[in-house]
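Report on one structure; see the data block that follows.
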Amino acid sequence: MADHDVVVIGAGFAGLYQLYALRELGFDTKVLEAAPDVGGTWYHNRYPGARCDIESIEYSYSFDPELEQEWDWSERYAAQPEILAYVRHVADRHDLRRDIEFDTRVTALDFDDTANEWTVTTDDGARRTARFVVAATGCLSVPLHPRFEGEDEFTGATYRTWNWPHDGVDLTGKRVAVIGTGSSGLQTITAIAPDVAALTVFQRTPPYAVPARNRTITDELAAVKAHYPEFRELSRLSRGGAQCAGDEPPFFDDLAADDASAELGRRWLDGGLCYQQTFRDLLQDPVANELAAEYVRTRIRETVHDPEVAEKLTPRSYPIAAKRMCVDTGYYEVYNRDNVALVDLTEDPIRRITARGVVAGETEHEVDVIVFATGFDAMTGALEAIDVRNGDRTLRAKWADGPRTYLGLMSAGFPNLFTVTGPQSPSVLSNMMTSIEYHVEWIASALAHVRERGFARIEADVDAEDNWVNTTNDTADLTLFPNAASWYMGANVPGKKRVFLPFVAGVGTYKQICDGVAVSHYHGFEFA
Ligand code: NA7
């Protein structure tokens, strides 16, 4: 008899809802969380300016209609403290903490093929057994710590955006270096620039950033609350798990040149990631993509006064939106400040860190503080950090050439182990909340199905998995995504196999496929 029906790993948005959903079905469920509290991403990422790049109206749970009505988001894009307050509120509201063990990191999962149960080992050496495991381990939860020569010699302070001190850091009057210009770097840079004495930004690849047009949303929220269920349903069927204002985007070739530019202008004025959906084929048609990219480049030139700096900030080496776009509030304007300097690492790579600062090219940049905003081992990192075994088979070995999953939900050879928003599902290409809720509910239904029929195990079929892996790779190859060295491709992690990790064909399409699989008696899954 196993200790639990289900162990869920992680108490972020996914783990919390998985606990709620399984509890509702009467499964004895235990959540194990490495951090001291709930929140996942939003527990850890407390750097200055940390903010979601999906709109609050969409980036929230839909499973609790009363909560949906009661909770008031203050801004179009919520800042980290507000999101963390929301997660905590949900945990308290549904009394979830009583089934969560905090400060407990799962280090190993070992499947007993005869007893059909997992042994879950944690960093305190404890072991517990569970019939099923759900890895709600997050897509961007394993931070990268690139090692720079001499880092230990630095006499100033170093911080990482991923685990920013909870009491904050007073950077007033300090000379600060920020390494990394993804979303975390951008938000940090924009937030701290007015306070610091000097800010030196070390940029390897310039991002494409679109304006957030952030604002208070009292009236908009009230309007959506009046028909939230219908609103959510549209999001579930949409491409990105969140809606973009206006009609279904046109195909680029259906537009006259002036109309195409006008569409880009309209999306730019609306702000946010919907810019990348200006044309339905923006990530398939290189001409459409280049037009959208050039539009942003022109905005950068218009905004940044120094043409040389503007050119360094201008992305040219990859298609727009093939790497995650950033949503900014005054990022480019920062470079018009006298106290901000940009170092282009493609011209002057970081050679080492010294006691006094960062040497890039031939120049030593003296600073008091270095902030690392250098990204994550995305999508596979958290699961591969756990030693997952079934006899002499390990998940790490199986995934050495890229993840292999069926629907991004299970991996053949590892029965009774599910992943929420795992690789080869839409996950990071979508509003995570929509994808999380879909997976949680799908997994809960699958477990109810297993129980009702008296089965002890569910496992992905190898042929179904091979088909799915081919489908996800083939559809990614139809797009411009593989033309960028992005974390979607694993390209930011030295030695990681470059394989496109998420499913590109959209949340609505994915839902139709997975709904169909469930209805057809879980086609492609084996039960015993
Ligand atoms: P990202 O988007 O992966 O950004 C990491 C940044 O750090 C990016 O600019 C990297 O450059 C840079 N980087 C990484 N390693 C190095 C080294 N060794 N030297 C210099 N620069 C480096 O992570 P974020 O945390 O900003 O954002 C993650 C997601 O969170 C984001 O997409 C949203 O979904 C929210 P590169 O581009 O690889 O050349």
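The values are calculated or read from the model by the stated rules, or taken from the named source; none is laboratory data. All of these numbers come straight from a predicted model, not from anything done at the bench. Here the Cβ positions follow ideal geometry from the backbone for every residue, glycine too, while neighbour counts run over all protein chains shown. Note: areas computed on protein heavy atoms with side chains; ligands, DNA, RNA excluded. Shrake-Rupley method; radii C 1.70, N 1.55, O 1.52, S 1.80 Å.
Tally up the carbon and sulfur contribution to the accessible surface of the range 244-319 as a whole percent, 1.4 Å probe, everything protein left in place. Walk me through the numbers before you get to the answer.
Values: 1950 of 3800 Å².
Percent of accessible area from carbon and sulfur atoms in the range 244-319: 51.
Could you give me the radius of gyration and the Dmax of the range 244-319, taking only the C-alpha atoms into account and expressing both in angstrom?
That works out to 12.9, 39 Å for Rg and Dmax.
Given the pairs K174/K312; K323/K497; K174/K323, which are separated by over 28 angstrom at their Cα positions?
Working: K174/K312 25 Å; K323/K497 17 Å; K174/K323 32 Å.
Check vs 28 Å cut-off fails for K174/K323.
What is the helix-to-structure angle for 432-452, meaning the angle in degrees between its Cα long axis and the longest Cα principal axis of the chain, kept from 0 to 90 and rounded to the nearest 10?
10
Residue-wise, which Karplus ³J(HN,Hα) couplings in Hz belong to the range 405-416, taking 6.51 cos²θ - 1.76 cosθ + 1.60, θ = phi - 60°, and x for glycine or proline?
9, 9, 6, x, 10, 9, 10, 4, x, 10, x, 6
Using the Karplus equation 6.51 cos²θ - 1.76 cosθ + 1.60 (θ = phi - 60°), what ³J(HN,Hα) coupling, rounded to whole Hz, does each residue of the range 242-255 give in order, writing x for Gly and Pro?
With coefficients 6.51, -1.76 and 1.60, one gets 8, 9, 10, 4, x, 7, 3, x, x, 6, 4, 5, 7, 10 Hz.
Could you work out what % of the accessible surface of the range 147-188 is carbon and sulfur, using a 1.4 angstrom probe and leaving DNA, RNA and ligands out of the count?
42
How far is the Cα center of the range 424-470 from the Cα center of the range 18-38, in Å?
Going from one Cα centre to the other spans 18 Å.
Please compute the volume of the convex hull spanned by the alpha-carbon atoms of the range 6-129 and report it per residue in Å³. Don't jump to the answer; show the numbers that get you there.
Values: hull volume 14.7 nm³, N = 124.
In the range 6-129, the Cα hull volume divided by residue count equals 119 Å³.
Measuring with a 1.4 Å probe in the full set of protein chains, what accessible area per residue, in whole Å², belongs to the range 244-319? Before the final figure, lay out the partial values.
Details: 3800 Å² over 76 residues.
Value returned for the range 244-319: 50 Å² of accessible area per residue.
Under a 5 Å amide H to amide H cut-off, with H placed in plane at 1.01 Å, what residues pair with A360 once short-range neighbours are removed?
Correct list: R351, H365.
Per-residue HN-Hα couplings for the range 180-192, Karplus 6.51 cos²θ - 1.76 cosθ + 1.60 at θ = phi - 60°, whole Hz, x for Gly and Pro?
Working through the residues one at a time gives x, 10, x, 4, 5, x, 4, 5, 4, 4, 5, 6, 8 Hz.
What's the center-to-center distance, using Cα atoms, between the range 309-332 and the range 214-229 in Å?
Answer, in whole Å: 30.
Given contacts defined as C-alpha pairs under 8 Å and at least six residues apart, what's the relative contact order of the range 244-319, whole-number percent?
Details: 50 pairs, mean separation 20.3, N = 76.
Over the range 244-319, the number comes to 27 percent.
List the lysines whose Cα sits under 21 Å from the Cα of K511, skipping any in the same chain fewer than 8 residues away.
Here the lysines satisfying the reach criterion relative to K511 do not exist.
Counting only residues 5 or more places away or on other chains, whose amide H sits under 5 Å from the amide H of R160 once H atoms are built in the peptide plane?
Amide H to amide H, under 5 Å and 5 or more residues apart or across chains, R160 pairs with F372.
What is the distance in Å between the Cα centroid of the range 122-154 and that of the range 65-121?
The distance from the Cα centre of the range 122-154 to that of the range 65-121 comes to 17 Å.
Quick one: which residues, 5+ away or cross-chain, put their amide H under 5 Å from the amide H of D3? H built at 1.01 Å from N.
Those lying under 5 Å, H to H, from D3 are T129, A130.
Give the Rg/Rh ratio for the range 268-397, taking Rg as the radius of gyration of the Cα atoms and Rh as the Kirkwood radius, to two decimals. Present the calculation step by step, with values, prior to reporting the outcome.
Numbers: Rg = 19.9 Å, Rh = 18.4 Å.
The Rg/Rh ratio comes out at 1.08.
Where does the longest stretch of the chain lie that holds no chymotrypsin sites (Phe, Trp or Tyr not before Pro) found in a DSSP loop with 15 or fewer other Cβ atoms within 10 Å? It would help to have the intermediate numbers written out before the result.
Numbers: sites that count: F102, F251, F455.
Result, exposed sites excluded: 252-454.
Using Cα atoms only, what is the angle between the long axis of helix 257-270 and the major principal axis of the chain, expressed in degrees (0 to 90) to the nearest 10?
80
For the charge dipole of the chain, defined by +1 on Lys and Arg C-beta atoms and -1 on Asp and Glu C-beta atoms about the Cα centroid, which residue among A385, H44, S184 has the Cα displaced farthest towards the positive pole?
My answer, from the dipole projection, is A385.
For the range 1-122, with all protein chains present and a 1.4 Å probe, just round the carbon and sulfur fraction of the accessible area to a whole percent. Please report the intermediate quantities before stating the final value.
Numbers: 1980 of 4370 Å².
Percent of accessible area from carbon and sulfur atoms in the range 1-122: 45.
Against the longest alpha carbon principal axis of the chain, how many degrees, from 0 to 90 and to the nearest 10, is the axis of helix 462-477 turned?
Once rounded, one gets 20 degrees.
Taking only C-alpha pairs under 8 Å that are 6+ residues apart, what is the relative contact order of the range 106-195 in percent? Before the final figure, lay out each step's value.
Values: 54 pairs, mean separation 12.4, N = 90.
Over the range 106-195, the number comes to 14 percent.
Grab the other residues whose beta carbon is less than 13 angstrom from that of P349, score K and R as +1, D and E as -1, and report the net. Walk me through the numbers on the way to the answer.
Numbers: positive: R204, R351, R352; negative: E149, D344, E347, D348, E362.
Result for the neighbourhood of P349: -2.
Tell me, what is the percent relative contact order of the chain, built from C-alpha pairs under 8 Å that lie six or more residues apart? Write down the numbers at each step before the final one.
Values: 1052 pairs, mean separation 107.4, N = 528.
After rounding, I find 20 percent.
Taking the Cα atoms of the chain, report the difference between the largest and smallest coordinate on each principal axis, in whole Å and largest first.
Reported extents, whole Å, longest axis first: 69, 58, 45.
Once the principal axes of the Cα atoms of the range 389-428 are found, what is the range along each, listed largest first in whole angstroms?
31, 23, 12
Can you show me the helix-derived [θ] at 222 nm for the chain, built from DSSP H runs with n ≥ 4 at -39,500 (n - 2.57) apiece and divided by the number of residues, rounded to the nearest 500. List each step's numbers first, then the result.
Values: 15 runs with 161 residues, N = 528.
When only DSSP H runs of four or more count, the value is -9000 deg cm²/dmol.
Enter the accessible area per residue of the range 362-454 (Å², integer; probe 1.4 Å; all protein chains in place).
Details: 2750 Å² over 93 residues.
Solvent-accessible surface per residue comes out at 30 Å².
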